[in-house]
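The values are calculated or read from the model by the stated rules, or taken from the named source; none is laboratory data. Just so we're clear, the structure is a prediction, and the values are computed from it rather than from any experiment. A quick note on method: Cβ atoms are made from the backbone with ideal geometry, for glycine too, and the neighbour counts reach across all protein chains shown.
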Amino acid sequence: MRTNLKIAWRNLWRNKRRTLITVASIFFGVLLSAYMTSMQEGSYEKMVDMVVKYYSGSMQVHHEDYWESKSINDTFEESQELRESILAHEEVDFVIPRLESFALASSEELTKGVMVVGIDPDPENRLTNLKNSVRQGGYLSEGDKGLLIGEGLANYLRLEINDTLVMISQGYHGISAAGKYPIRGIIRHASPELNKMIVYMELENCQEFFSAYNRLTSLVVNIRDNELLARSLKAIRAGLDSPYSVMSWQEMSPEMVQQIESDRAGGVIMKAVLYIVIGFGILGTIMMMIAERRREFGVMIAIGMQRYKLATILFYETVFIGMIGALSGLVVSIPLLSFQSQNPIPLTGQAALVMEDYGFEPYMFFSMEPSVFWHQALTVFLITLVIALYPIYSANRMKLIDALHA
């Protein structure tokens, strides 16, 4: 076996040009499939980040009727016991309180419907990194009576720092809610859609505005490792009784999950087409290699080499070519995609407008998940192994006289 491996390896470099052409077809196959998969998975990761890291968290605890009604009447009282029962689970990193509702905001003659979110500033910043999103002014502090608003909303209402925003809404159990609040800061939210309608208030200030004292619409629960989400969700649900309800981010955003799954299915079809093209490219170069060496194979058989040994050597040659191509594809794709993940490609023109209309940042993001690389390298290598059956077939079916006269 060692002798056959040595002969196969030496045979590869007898004709370097032919070998490099074959390796290049596998190399580009791995590189293109990894690039395509990384781009696809990067867009999914950004979509999930926008939901989990910039808004919903891993899961949320609500009143059991809240998610259907989205009414401020379906809130629950904040309690230390509830928080501690959730934090008792080792997978839970932290818990954040929120009070959310809607209001009509106005500035001079301009009005717009807004989403009002009451937050505890420091814990909220731990999840959403909201403080770093402030583009003008400053972040909220505990007991602050001011507001943080989205940049798009500020532009629409022509508001600047220290201007006054008037808000009117319906509070807890139908109580009228109205107030005037100074603008403390203007943020650029990661979601372009929320950027046009978001208003953040300090939690106690928000509870006072809606007359929902010591009440919350949700407790945002963040998990240390997203891989443990299913187990954590089951455990927390088992520990909470009515009137509480626990929902994962997938349950709160079923449209996004469905969109990702349908797009991933389309990506599978596209990659299948790409793999077919790659497979035929590799097969073509292997067939060319066999055709060029027919006379050589004929002479080797004529002087006494057994056909199965020749087939074994040709199989090893193809395996070596596949290994070199797959590994070189990995070596190049990892640093290339690492650079791309740190420097996403900005979209311009109509493509950027379409992305923003769907609520996404106008960039092409890339993923560095390990599976992005080894899945593609392994798949292309397996395709090469299947193609390696062709040289075995050719060696066993070769007619000696025709090969000698080739």
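Here is a yes/no grid of residues against (1) within 30 Å of V277 (Cβ to Cβ); (2) in contact with a helix residue (DSSP H, G or I) (Cβ under 8 Å, 6 or more places away or on another chain); (3) part of a loop (DSSP other than H, G, I, E, B):
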residue: L12; (1), (2), (3): yes, yes, no
residue: M36; (1), (2), (3): yes, yes, no
residue: D49; (1), (2), (3): no, no, no
residue: E68; (1), (2), (3): no, no, no
residue: S85; (1), (2), (3): no, yes, no
residue: R98; (1), (2), (3): no, yes, no
residue: S101; (1), (2), (3): no, no, no
residue: A105; (1), (2), (3): no, yes, no
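Matching residues to (1) touching a strand residue (DSSP E or B) at 6+ places or on another chain (Cβ under 6 Å); (2) within 21 Å of P192 (Cα to Cα); (3) without any contact (Cβ under 8 Å) to a residue 12 or more places away in the chain:
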{"position": "E45", "(1), (2), (3)": "no, yes, no"}
{"position": "V61", "(1), (2), (3)": "yes, no, no"}
{"position": "F76", "(1), (2), (3)": "yes, no, no"}
{"position": "R83", "(1), (2), (3)": "yes, no, no"}
{"position": "E90", "(1), (2), (3)": "no, no, yes"}
{"position": "F94", "(1), (2), (3)": "yes, no, no"}
*Residue within region 258-267 that is assigned by TED's automatic domain parsing to the domain that holds S25 and within 24 Å of N129 (Cβ to Cβ) present*: yes
*Read through the list (1) among the polar types (S, T, N, Q); (2) in contact with a Leu (Cβ under 6 Å, 6 or more places away or on another chain); (3) farther than 30 Å from V117 by Cβ, then give the number of the only condition that N15 fails.*
(2)
*Residues E91, E109: which one is modelled with pLDDT under 90 and more than 19 Å from R224 (Cα to Cα)?*
E109
*Filter region 201-220 for residues that are crowded, with 20+ Cβ neighbours inside 10 Å and acidic (D, E) and give the result.*
E202
*Right, I187: in contact with a strand residue (DSSP E or B) (Cβ under 9 Å, 6 or more places away or on another chain) and either under 19 Å from G57 (Cβ atoms) or surrounded by 17 or more Cβ atoms within 10 Å (Cβ to Cβ) (or both) or not?*
yes
*Which members of region 38-50 meet the condition of being closer than 10 Å to M368 by Cα and not charged (D, E, K, R)?*
S38, M39, G42
*asked:* With buried (at least 21 other Cβ atoms within 10 Å of the Cβ) and either over 23 Å from Y54 (Cβ atoms) or of a type in the set (G, A, S) (or both) as the only criterion, which of A178, A154 stands out?
replied: A154
*asked:* It is to be established whether one or more residues within region 294-302 are in a helix (DSSP H, G or I), among the small types (G, A, S) and either out of contact with any helix residue (DSSP H, G or I) (no Cβ under 8 Å at 6 or more places or on another chain) or within 30 Å of Y44 (Cβ to Cβ) (or both).
replied: no
_If L228 satisfies all but one of (1) farther than 25 Å from F102 by Cα; (2) outside any helix (DSSP H, G or I), what's the number of the condition it fails?_
(2)
*Sort through R98, R18 and tell me the only one that's among the basic types (K, R) and touching a strand residue (DSSP E or B) at 6+ places or on another chain (Cβ under 7 Å).*
R98
*asked:* Taking the condition of being touching a Phe, Trp or Tyr at 6+ places or on another chain (Cβ under 8 Å) and at pLDDT below 90, how many residues in region 65-86 meet it?
replied: 1
*asked:* I'm trying to understand the selection: among the residues of region 209-239, which are touching a strand residue (DSSP E or B) at 6+ places or on another chain (Cβ under 9 Å) and free of Cβ contacts under 8 Å to residues at least 40 places away in the same chain?
replied: A230, R237
*If you go through region 143-159, how many residues are out of contact with any strand residue (DSSP E or B) (no Cβ under 7 Å at 6 or more places or on another chain) and touching a residue at least 12 places away in the same chain (Cβ under 8 Å)?*
1
*Looking at (1) over 30 Å from G152 (Cα atoms); (2) among the β-branched types (V, I, T); (3) surrounded by fewer than 16 Cβ atoms within 10 Å (Cβ to Cβ), which is the one condition that is false for T348?*
(1)
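Which residue out of I223, I198, I276 is buried (at least 19 other Cβ atoms within 10 Å of the Cβ), among the β-branched types (V, I, T) and over 21 Å from the mean Cα position of the chain (by Cα)? Step through it out loud before you land on a result.
On the way: I223 fails: over 21 Å from the mean Cα position of the chain (by Cα); I276 fails: buried (at least 19 other Cβ atoms within 10 Å of the Cβ).
Of I223, I198, I276, the one residue that is buried (at least 19 other Cβ atoms within 10 Å of the Cβ), among the β-branched types (V, I, T) and over 21 Å from the mean Cα position of the chain (by Cα) is I198.
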*So A24, is it in the same structural domain as P362 (by TED's automatic domain parsing), closer than 22 Å to A326 by Cβ, buried (at least 18 other Cβ atoms within 10 Å of the Cβ) and among the small types (G, A, S)*: no
